[in-house]
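Visitor: First the structure, then my questions, so here it is.
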Amino acid sequence: MTKRDQRALIDLIKYPIITDKATRLLESNQYSFATDPTANKTEIKTAIEYLFQVKVTSVNTYNTPRKTRRIGRFVGNKVRYKRAIVTLASGDAINLFSEN
């Protein structure tokens, strides 16, 4: 894998999503990530496997709805992202919370 391919995989995954639902999904070995909206499931799978050295069994994705935001008299839209829910093989885990 070239340096350019590695950089492209790293840029696909933006950040982990930590909400109440995402925390409940951790019990069933599922993790939520915000990803690039143009990424497909196979690219997300290879990126997660490369970044965290785990085995991914399935990837579920959905695009978040567009929400409007007002700042004073200016109206715009919030930034959109694609949410990916990644299911890992049993025995694999990703440490999202540091124990410092």
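Visitor: Taking region 23-32, which residues are part of a strand (DSSP E or B) and either of a type in the set (Val, Ile, Thr) or touching a Lys or Arg at 6+ places or on another chain (Cβ under 7 Å) (or both)?
Guide: The answer is SER32, and nothing else.
Visitor: Please state which of the following conditions LEU9 fails to meet, knowing it meets all the rest: (1) assigned to a loop (DSSP other than H, G, I, E, B); (2) under 13 Å from the mean Cα position of the chain (by Cα); (3) at pLDDT below 90.
Guide: Here LEU9 clears every test but (1).
Visitor: Can PHE74 be described as surrounded by fewer than 13 Cβ atoms within 10 Å (Cβ to Cβ) and either modelled with pLDDT of 90 or more or farther than 28 Å from ARG7 by Cβ (or both)?
Guide: Yes: the conditions hold for PHE74.
Visitor: A follow-up question, please. If you check LYS55 against the conditions, is it surrounded by 11 or more Cβ atoms within 10 Å (Cβ to Cβ), of a type outside the set (Gly, Ala, Ser) and touching a Gly at 6+ places or on another chain (Cβ under 9 Å)?
Guide: yes
Visitor: Hey, can you tell me all the residues within region 80-100 that are out of contact with any Lys or Arg (no Cβ under 7 Å at 6 or more places or on another chain), surrounded by 12 or more Cβ atoms within 10 Å (Cβ to Cβ) and part of a loop (DSSP other than H, G, I, E, B)?
Guide: Here is the first cut: in region 80-100, the residues out of contact with any Lys or Arg (no Cβ under 7 Å at 6 or more places or on another chain) are 82-87, 90-91, 93-100.
Right, trim to surrounded by 12 or more Cβ atoms within 10 Å (Cβ to Cβ) and you get 82-87, 93-94, 96.
If the condition is that a residue be out of contact with any Lys or Arg (no Cβ under 7 Å at 6 or more places or on another chain), surrounded by 12 or more Cβ atoms within 10 Å (Cβ to Cβ) and part of a loop (DSSP other than H, G, I, E, B), then ALA93, ILE94, LEU96 are the ones that fit.
Visitor: Six or more apart or on different chains, Cβ under 7 Å: which pairs go from a residue in region 64-75 that's over 19 Å from THR38 (Cα atoms) to one that's loosely packed, with under 10 Cβ neighbours inside 10 Å and aliphatic (A, V, I, L, M)? Could you list them?
Guide: Listed pairs, sorted by first residue: THR68/VAL75.
Visitor: Looking at region 12-22 only, could you name the residues that are among the charged types (D, E, K, R) and outside any strand (DSSP E or B)? Even if it seems obvious, please write down each step before you answer.
Guide: Quick first cut of region 12-22, residues among the charged types (D, E, K, R) only: 14, 20-21.
Those that are among the charged types (D, E, K, R) and outside any strand (DSSP E or B): ASP20, LYS21.
Visitor: Return the residues of region 68-79 that are out of contact with any Lys or Arg (no Cβ under 6 Å at 6 or more places or on another chain), farther than 30 Å from VAL56 by Cβ and not charged (D, E, K, R); say none if nothing qualifies.
Guide: The answer is THR68, ILE71, GLY72, PHE74, VAL75.
Visitor: Then there's this: Show the residue pairs meeting these rules: Cβ distance below 6 Å; 6+ apart or different chains; first residue within region 1-24 and under 16 Å from PHE97 (Cα atoms); second residue of a type outside the set (A, V, I, L, M, F, W, C) and not in a helix (DSSP H, G or I).
Guide: Close Cβ pairs satisfying both conditions: ILE17/SER32; ALA22/SER32.
Visitor: Quick one: in region 58-71, which of the residues that are part of a strand (DSSP E or B) and more than 15 Å from the chain's Cα centre (by Cα) is surrounded by the most Cβ atoms within 10 Å (Cβ to Cβ)?
Guide: So the residue we want is ARG69.
Visitor: Now, a different point. For region 33-53, which positions are within 12 Å of the chain's Cα centre (by Cα), not in a helix (DSSP H, G or I) and not small (Gly, Ala, Ser)?
Guide: Within region 33-53, PHE33, THR35, ASP36, PRO37, ASN40 meet the criteria.
The values are calculated or read from the model by the stated rules, or taken from the named source; none is laboratory data. Remember, predicted model here, so these are calculated numbers, not experimental data. Cβ: placed from backbone, ideal geometry, glycine included. Neighbour counts: every protein chain shown.
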